[in-house]
Amino acid sequence: MVLSMKRWVGHIAVVTGASSGIGAGIAKKLVEEGMIVVGLARRKERIDELANNLGEKKKQFYSLKCDISHEQDILDAFEWITKKIGPLYVLVNSAGCFRNDSLTDGKTENMKQVVDTNLIGLTICCREAIRIMKENNIAGHIININSILGQHIPRDVINVSMYCPTKFAVRAVTETLRLELIHQDSPIKTTNICPGATETEISLKALKVGGYAHLFPENKMLLPEDVADAVTYALSTPPQVQIKELTLKPLTEKF
């Protein structure tokens, strides 16, 4: 199998949650690989900061304010991208939301916010990206950045509200999309990437408020760049090869 990113050079990739962490790492990596990247996030000033750090490659990057928990924001963003830049070839869903709350007595607003961001917003992004790819006869690629907590929940992980349920659901969404696209004879690929503990704002917040340091040693986590490398690996495969799911874990992760 020959791995190459050449077929994506000069084409558009959309990365959600691009203001920090894994999303920012992926956006930077795809720009370095020659793609035109549109970073979506609520904190536009943070995406602008990322753009300013890209040097000469800044012209390959666009920052766009978008709250993934609001459908109209998503629809407006994808319409703007298509009209102003062109149709996307790659979508990487990296936006995520975590709330330190329980299911047994937690706040409904926290549950809804996590579901709207991690699951509903992600699914709407997939739908809109696939629609654009089909309209333009693009053999594109949808990559959902999931979590090891979408495969297995350690017994000590509590008070994470709907985080784990939504991550299990994202795995199901990705597989459902894969099967739908196969039945439609579509060349569009889907990949579910499940990183273990990674140095991001969400992970560090979880460590601080949840007391999970024994499970996720802070100084031995994956880096966002490691997940970005996994994304380019999936994208680098030839047309007949589909990486259905990819799991990354820190060497020392204890579950």
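What follows is calculated from the coordinates using simple rules that are stated; it is not laboratory data. What you see is a predicted model; the values in this text were computed from it and never measured. Positions of Cβ are generated from backbone atoms using ideal geometry, with glycine treated the same way; all protein chains shown enter the neighbour counts.
Of note:
- Counted charge near Lys189, where neighbours are those whose Cβ lies closer than 14 Å (Asp, Glu -1; Lys, Arg +1): 0
- In terms of other Cβ atoms within 10 Å, Glu128, Glu180 run from fewest to most in the order Glu180, Glu128.
- Cross-link partners of Lys112 among lysines (Cα-Cα below 30 Å; sequence separation of 8 or more within a chain): Lys44, Lys65, Lys167, Lys189, Lys205, Lys208, Lys244, Lys249
- Gained length - His152 relative to Thr247, 0.36 nm times residue gap less alpha-carbon distance: 33.0 nm
- Debye intensity ratio in log₁₀ form over the Cα atoms of the stretch 92-186, taken at each q of 0.25 Å⁻¹: -1.28
- Bins of 10 Å from zero: percent of alpha-carbon pairs in the chain: 7, 33, 38, 19, 4, 0
- In degrees, nearest ten, helix 201-210 long axis to first principal axis of the chain (Cα): 10 degrees
- Taking packing as the residue-averaged number of other Cβ atoms within 10 angstrom, the listed peptides 157-164, 41-48 run from highest to lowest as 157-164, 41-48.
- Within the straight-line cut-off of under 14 Å between alpha carbons, the aspartates and glutamates reachable from Lys220 are Glu199, Glu253, sequence neighbours fewer than 8 places apart in one chain being disregarded.
- Rg to Rh quotient for the stretch 1-142, alpha carbon positions, Kirkwood Rh: 1.01
- Subtracting the Cα-Cα distance of Glu201 and Asp105 from their residue separation scaled by 0.36 nm leaves 32.0 nm.
- The mean sequence separation of alpha-carbon pairs under 8 Å and at least six residues apart, normalised by the residue count of the chain, gives a relative contact order of 21 percent.
- Net charge, Ala77 excluded, C-beta distance under 14 Å - Lys, Arg +1, Asp, Glu -1: +1
- Local electrostatic count, Pro154, Cβ distance below 14 Å [Lys/Arg +1, Asp/Glu -1]: +2
- Expected 222 nm ellipticity per residue - DSSP helices of 4 or more, -39500 (n - 2.57), all of the chain, to 500: -12500 deg cm²/dmol
- Modelled spin-label separation between Lys65 and Asn52, with each label point placed 7 Å from Cα along the Cα-to-Cβ direction: 1.7 nm.
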